[in-house]
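Worksheet: one structure, shown below.
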Amino acid sequence: MTDPELSPLDLAIAPGGNLMVSSEWPFGSPDAQATVREYDPSTGQLVRVLTPEPAVHFTKPRGLRFGPGGQLYCVGRDSVVAFDFPSGKFLGVAADLSRLNGQAVLLLLP
């Protein structure tokens, strides 16, 4: 992949086969931007970038999981954020826990 803002922290395979990567750029910087980046696996080309609203202060993205209804979840420091995967729309904070910095999220369905 050729993407100067890629700093891979976790990877998941999307329902359509694209690669989803949580990224923090520049890595370790206090001003780093946390994103979830989608790539075409056959070309390595960047397809789109999913970004939480700036007011959320989402940092240190790690674990990625797909949930029911086409939602994508990403664990970061202090929170788990959710996106509507088909549209890429940021849905909000799904969980908020001080000092959370997990590598994964487990979805428990009823």
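The values are calculated or read from the model by the stated rules, or taken from the named source; none is laboratory data. Given the structure is predicted, the values throughout are model-derived calculations rather than measurements. Backbone-built Cβ (ideal geometry, glycine too); neighbour counts: all protein chains shown. Ligands, DNA and RNA are excluded from the accessible area calculation, which covers all protein heavy atoms including side chains. Shrake-Rupley method; radii C 1.70, N 1.55, O 1.52, S 1.80 Å.
Residues considered: 33, 45, 71. Largest GNM mean-square fluctuation over the chain, using C-alpha springs under 10 Å, is found at 45. Per residue, the convex hull spanned by the alpha carbons of the stretch 23-67 comes to 97 Å³.
If you roll a 1.4 Å probe over the chain with all protein chains in place, what percent of the accessible area is carbon or sulfur? Carbon-and-sulfur percentage of accessible area, whole number: 55.
Backbone amide hydrogens, once placed in the peptide plane, bring residue 47 within less than 5 Å of 38, 39, 40, excluding anything fewer than 5 places away on its chain.
With a cut-off of 12 Å between beta carbons, the residues surrounding residue 58 carry a summed charge of -1, where Lys and Arg count +1 and Asp and Glu -1.
Per-residue 3J(HN,Hα) values for the stretch 47-54, derived from phi via the Karplus relation 6.51 cos²θ - 1.76 cosθ + 1.60 with θ = phi - 60°, read 8, 6, 10, 9, 9, x, 4, x Hz in sequence order (x marks Gly and Pro).
Springs between Cα atoms under 10 Å define the GNM used for the chain, and in it the highest mean-square fluctuation of 32, 82, 55 occurs at 55.
Note on the chain: with a GNM built from Cα contacts shorter than 10 Å, the maximum mean-square fluctuation among 79, 98, 22 falls on 98. For a test of the definition: using alpha carbon positions, the gyration tensor, and the 1.5 limit on a/c, classify the chain as rounded, prolate or oblate. Note, shape of the chain comes out oblate. Looking at the chain, the accessible area is 57 square angstrom per residue; that uses a 1.4 Å probe and ignores ligands, DNA and RNA.
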